[in-house]
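**Q** One structure is given below, represented as structure tokens, and several questions about it will come after.
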Amino acid sequence: MKKLVYLCLFSVLLGCSPKLFKEKWTEIQAPETFTARFETTQGNFDIEAKRAWSPKGVDRLYQLISKNYYTDIAIFRVVPNFVAQFGIHNNTFINKSWGDQSIADEPVLEKNEKMTIAFARGGANSRSNQIFINLEDNFRLDNLDYGGAKGFPVVAKVISGQENILKFYSGYAEKPAKKQGQIAKFGNTYVKENFPKIDFITKAYILKK
């Protein structure tokens, strides 16, 4: 009986409820086209995703949004005239669960032009839960050979609210990005204590399939 109690307590501490993550969610296929809304501390922006641009990438984006992953997510990397990046979840269990479910690389079919969205990655077949918005035309990202993979496939485009994205606080530039380990470990508490001006994605949800 004691072992069962300890196991339950351990599960609660980790946040490992099946409501927080189920591996079968990573098998959900996105519609051919869908739109979604991101609510942020600077206002809303809407996106349109087309599965033809990057089937595996768009599937993952749809999975994350439809399962409420992007809730209270710090926009930890905002570099003027480059990108705004986010995707580290406040809950370490949720962050690791999705982070461990990386997807295979795909070719770049749409250019990384201003206000397009792509998954960040650290090497081959490493796209998982972090995405970035191109704040300018970043065409070099179409063919950039990084970590054994070529280019960053576009998965969506911002169709409204671009002006709100350009308001994201950029004064920290790359500094928070260099602390991703601490952000992943200590969550939003660390972010707010060390980078109090950072903006947040408050929630994201599907608008139209």
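The values are calculated or read from the model by the stated rules, or taken from the named source; none is laboratory data. Please read all numbers here as calculations on a predicted model, not as lab measurements. Quick reminder, even Gly has a Cβ in these numbers, built from the backbone with ideal geometry, and neighbours come from all protein chains shown.
**Q** Given Ala104, Ala120, which one is closer than 18 Å to Gln63 by Cα, in contact with a helix residue (DSSP H, G or I) (Cβ under 8 Å, 6 or more places away or on another chain) and of a type in the set (A, V, I, L, M)?
**A** On the way: Ala120 fails: in contact with a helix residue (DSSP H, G or I) (Cβ under 8 Å, 6 or more places away or on another chain).
Sole residue among the options that is closer than 18 Å to Gln63 by Cα, in contact with a helix residue (DSSP H, G or I) (Cβ under 8 Å, 6 or more places away or on another chain) and of a type in the set (A, V, I, L, M): Ala104.
**Q** Return the pair list, or none, for Cβ contacts closer than 7 Å from residues in the range 130-141 that are under 16 Å from Ile165 (Cβ atoms) and of a type in the set (Val, Ile, Thr) to residues that are assigned to a loop (DSSP other than H, G, I, E, B) and modelled with pLDDT of 95 or more, at least 6 apart or on different chains.
**A** Here the result reads Ile131/Gly87; Ile131/Ala120; Ile133/Met115, each pair linking the range 130-141 to a residue that is assigned to a loop (DSSP other than H, G, I, E, B) and modelled with pLDDT of 95 or more.
**Q** Ok, one more. Scan the range 86-141 residue by residue and report those that are in a loop (DSSP other than H, G, I, E, B), within 12 Å of the chain's Cα centre (by Cα), among the aliphatic types (A, V, I, L, M) and crowded, with 20+ Cβ neighbours inside 10 Å.
**A** Within the range 86-141, Ile88 is the sole residue that qualifies.
**Q** Another question, then. Condition (residue is surrounded by 16 or more Cβ atoms within 10 Å (Cβ to Cβ), under 18 Å from the mean Cα position of the chain (by Cα) and either modelled with pLDDT under 95 or outside any helix (DSSP H, G or I) (or both)) applied to the range 142-149: is it met by at least one residue? Steps first, please.
**A** Taking the range 142-149 and keeping what is surrounded by 16 or more Cβ atoms within 10 Å (Cβ to Cβ), we get 142, 149.
Among the residues that remain, those that are also under 18 Å from the mean Cα position of the chain (by Cα) are: none.
The answer is no; no qualifying residue exists.
**Q** For Gly181, work out the one condition from (1) at pLDDT 95 or above; (2) under 24 Å from Val158 (Cβ atoms) it doesn't fulfil.
**A** (2)
**Q** Which of the residues spanning the range 168-179 are loosely packed, with under 15 Cβ neighbours inside 10 Å and basic (Lys, Arg)?
**A** If the condition is that a residue be loosely packed, with under 15 Cβ neighbours inside 10 Å and basic (Lys, Arg), then Lys175, Lys178 are the ones that fit.
**Q** Lys209: modelled with pLDDT under 95 and closer than 17 Å to Ala36 by Cα, yes or no? Outline the logic, then answer.
**A** Working: modelled with pLDDT under 95: yes; closer than 17 Å to Ala36 by Cα: yes.
Yes; evaluated as a whole, the condition is true for this residue.
**Q** Specify which of the listed residues (Phe168, Phe195) is of a type in the set (A, V, I, L, M, F, W, C) and in contact with a strand residue (DSSP E or B) (Cβ under 6 Å, 6 or more places away or on another chain).
**A** None of the others qualify; the one that does is Phe168.
**Q** Moving on to the next point. Is at least one residue of the range 105-119 under 14 Å from Ala74 (Cβ atoms) and not β-branched (Val, Ile, Thr)? Even if it seems obvious, please write down each step before you answer.
**A** Within the range 105-119, the first condition is being under 14 Å from Ala74 (Cβ atoms), and the residues that meet it are none.
There is no residue in the range 105-119 that is under 14 Å from Ala74 (Cβ atoms) and not β-branched (Val, Ile, Thr).
**Q** Being buried (at least 20 other Cβ atoms within 10 Å of the Cβ) and either part of a loop (DSSP other than H, G, I, E, B) or under 14 Å from the mean Cα position of the chain (by Cα) (or both) is the filter here; which residues of the range 29-42 pass it? Lay out the reasoning, then the answer.
**A** Step one: list which residues in the range 29-42 are buried (at least 20 other Cβ atoms within 10 Å of the Cβ), which gives 30, 34, 36, 38, 40.
Once the filter is applied, which keeps residues that are buried (at least 20 other Cβ atoms within 10 Å of the Cβ) and either part of a loop (DSSP other than H, G, I, E, B) or under 14 Å from the mean Cα position of the chain (by Cα) (or both), the range 29-42 yields Ala30, Ala36, Phe38, Thr40.
**Q** Could you tell me which residue of the range 49-85 is nearest to the chain's Cα centre (by Cα), considering only residues that are closer than 14 Å to Thr33 by Cβ and part of a strand (DSSP E or B)?
**A** Ala49
**Q** What residue, among those in the range 43-70 that are polar (S, T, N, Q) and crowded, with 17+ Cβ neighbours inside 10 Å, is farthest from Glu110 (Cα to Cα)?
**A** Top of the filtered list is Ser66.
**Q** Sticking with this structure for a sec: For the subset of the range 180-209 comprising residues that are touching a residue at least 40 places away in the same chain (Cβ under 8 Å) and in a helix (DSSP H, G or I), which member is surrounded by the fewest Cβ atoms within 10 Å (Cβ to Cβ)? Steps first, please.
**A** From the range 180-209, those touching a residue at least 40 places away in the same chain (Cβ under 8 Å) are 180, 183-185, 187-188, 191, 195, 198-209; that's our starting set.
Within this subset, residues satisfying the condition of being in a helix (DSSP H, G or I) are 180, 183-185, 187-188, 191.
Numbers: Gln180: 16, Ile183: 23, Ala184: 16, Lys185: 12, Gly187: 18, Asn188: 17, Val191: 22.
Applying the filter and picking the extreme gives Lys185.
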